[in-house]
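Each reported figure results from applying straightforward, stated rules to the coordinates on display, with no laboratory input. Just so you know, these numbers come straight off a predicted model, no measurement behind them. Note: ideal-geometry Cβ built from the backbone for every residue, glycine included; neighbour counts use all protein chains shown.
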Amino acid sequence: MADDNDAYVYDEATGEWRPASEMLAAQAGTVEVRDASGNPLADGDSVVLIKDLKVKGAGQTLKQGTVIKTIRLTDNPDEIDCRYEGIKGLVLRTEFVRKR
């Protein structure tokens with residue numbers, strides 16, 4: 001009789017067969033980042049602002065509908081790192097963006 005620990009799963013990322021228990025542990029450690037509509041976000045995605053946002057320190061307001069290109073995910077699933085004209089180190093909350 002086979003245990004669940006004896007099952008193997010093909011890992012497409014590495015191209016190897018790995019124990020199912022190891023794959024489940026790896027998946028449990030990853031946190032999925034989602035936008036305001038619930039769509040999953042990934043590094044390099046473009047997003048659109050769903051609300052006007054005042055940018056602290058820049059004296060600028062980003063208007064609703066502004067497109068932000070090439071986002072980067074952070075350790076916090078509620079925040080994304082991005083760049084916009086003249087604003088370095090811009091961090092946006094995922095509740096204010098939706099995937100384009």
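On a full-extension model of 0.36 nm per residue, what is the gain between residue 91 and residue 70, subtracting their alpha-carbon distance, rounded to one decimal in nm?
Additional length available on full extension: 6.3 nm.
Anyone know which of 59, 15, 86 comes out most mobile in the 10 Å Cα GNM of the chain?
15
Hey, of (1) 35, 15, 8; (2) 30, 13, 9; (3) 38, 12, 11, which did the structure itself give for semi-axes √(5λ) of the Cα gyration tensor in Å when calculated?
(3)
Once you keep just the Cα pairs under 8 angstrom separated by 6 or more residues, what percentage relative contact order results for the chain?
With pairs under 8 Å counted, the relative contact order is 24 percent.
Counting helices only, and only those DSSP H runs with n ≥ 4, report the 222 nm mean residue ellipticity of the chain as the sum of -39,500 (n - 2.57) divided by its residues, in deg cm²/dmol to the nearest 500.
Helices in the chain give a 222 nm mean residue ellipticity of -3000 deg cm²/dmol.
Full-extension gain between residue 14 and residue 98, please, as 0.36 nm times their residue separation minus the C-alpha to C-alpha distance.
Gain in length upon complete extension: 27.2 nm.
Summing Lys, Arg as +1 and Asp, Glu as -1, what charge do residues with Cβ under 14 Å from the Cβ of residue 60 carry, residue 60 excluded?
It works out to a net charge of +3.
Local charge sum around residue 46 (other residues, Cβ-Cβ under 13 Å, Lys/Arg +1, Asp/Glu -1)?
+3
Measure nothing but the geometry: give the 0 to 90° angle between the long axis through the Cα atoms of 20-29 and the longest principal axis through the Cα atoms of the chain, rounded to 10°.
20
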